[in-house]
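Scroll down for the structure; my scribbles are underneath it.
Any read-out appearing in this document is the output of simple, stated calculations on the displayed coordinates, not a laboratory observation. Please read these numbers as outputs of a predicted model, since none were measured by experiment. Here the Cβ positions follow ideal geometry from the backbone for every residue, glycine too, while neighbour counts run over all protein chains shown.
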Amino acid sequence: IYSLDKACWDMLELFERSAKFNDNYRELKGEVAETYLQCCLTELQKIIQPSIVLKSLCIPFITSGSTTELDLTLVTDRVIYLFECKSYMGGKSITDKCLIDGKMDVYAQSVLHCKALNQHLSQFYLHGKDYKPYKLILFEMSRKPLVDNRLDNWKSMIPVLNPKTFFSGFQSIHSCYPSNVWDLKAMYPTLNKLNSNSAKYFQQHMQRFKER
């Protein structure tokens with residue numbers, strides 16, 4: 001049976017073969033990882049209801065007007081998952097809070113995304129507490145394994161999932177959130193508006209990135 005996993009690895013192999021001929025290789029390889037994860041999250045929606053999957057959501061900070069882009073977001077009434085996707089050719093290692101090869105700070109990036117999203121959604125938290133239940137997850141897809149050298153508390157703070165561990169790992173994480181704390185019905189219009197305006201904010205996001 002030709003599975004999603006097999007299709008995914010075949011696509012990665014094709015990109016690796018064509019890397020020297022394709023200037024957009026890294027961007028395309030990253031898109032494969034995000035599309036794969038989107039398929040996995042869509043599959044999860046069969047058992048996690050209600051839920052919403054949002055891909056490449058670009059949103060503004062209400063306080064500053066600056067923008068940030070979230071790779072994949074899974075919104076449930078128990079917890080909102082923010083996924084950061086990474087795809088590499090060679091082996092990598094994670095240290096500190098969630099630092100890949102000493103230069104890619106996934107922790108800082110994920111916290112930034114969380115703060116931006118919370119500015120739009122905090123009003124829909126049912127319990128009115130300062131703490132808002134978001135879960136940050138790193139999804140990595142590469143030929144060689146990513147070695148996690150972090151302390152256990154940081155491994156728990158931002159767990160790492162890959163195609164082989166995704167479904168079992170996610171179910172274990174989701175079981176830690178037994179209570180409904182988000183009003184998804186009230187949140188829908190805001191999420192729809194954010195998603196509808198995402199393309200516009202992405203253009204602004206890229207323009208500011210080029211001007212740096």
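As an exercise, take the mean of 1/r over every pair of distinct alpha carbons in the stretch 81-212, invert it, and state the Kirkwood radius in angstroms. Every distinct Cα pair counted, the radius reaches 16.8 Å. Note on Ala108 and Gln203: the extension gain reaches 31.9 nm, defined as 0.36 nm multiplied by sequence separation minus the Cα-Cα distance. A DSSP coil position with no more than 13 other Cβ atoms inside 10 Å describes the following chymotrypsin sites (Phe, Trp or Tyr not before Pro) in the stretch 85-146: Tyr131. For the stretch 56-200, the number of Lys pairs with C-alpha atoms closer than 12 Å, counting only pairs eight or more positions apart or on separate chains, is 4.
What full-extension length gain, to one decimal in nm, is calculated for Glu69 and Lys164 as 0.36 nm per residue of separation minus the Cα-Cα distance?
Full-extension gain reported as 31.6 nm.
Among residues other than Gln38 with Cβ under 11 Å from its Cβ, the summed charge is -3 (Lys and Arg +1, Asp and Glu -1). Take the Cβ atoms of Val147 and Lys115, set R0 to 35 Å, and the FRET efficiency comes out at 0.75. When DSSP assigns beta bridges and you keep just the ones with both residues in the stretch 85-212, what percent turn out antiparallel, to the nearest 5? Roughly 35 percent of the beta bridges in the stretch 85-212 run antiparallel, per DSSP.
Annotation for the stretch 30-120: trypsin sites (Lys or Arg not before Pro) lying in DSSP loop with at most 10 further Cβ atoms inside 10 Å of their Cβ are Lys46, Lys103.
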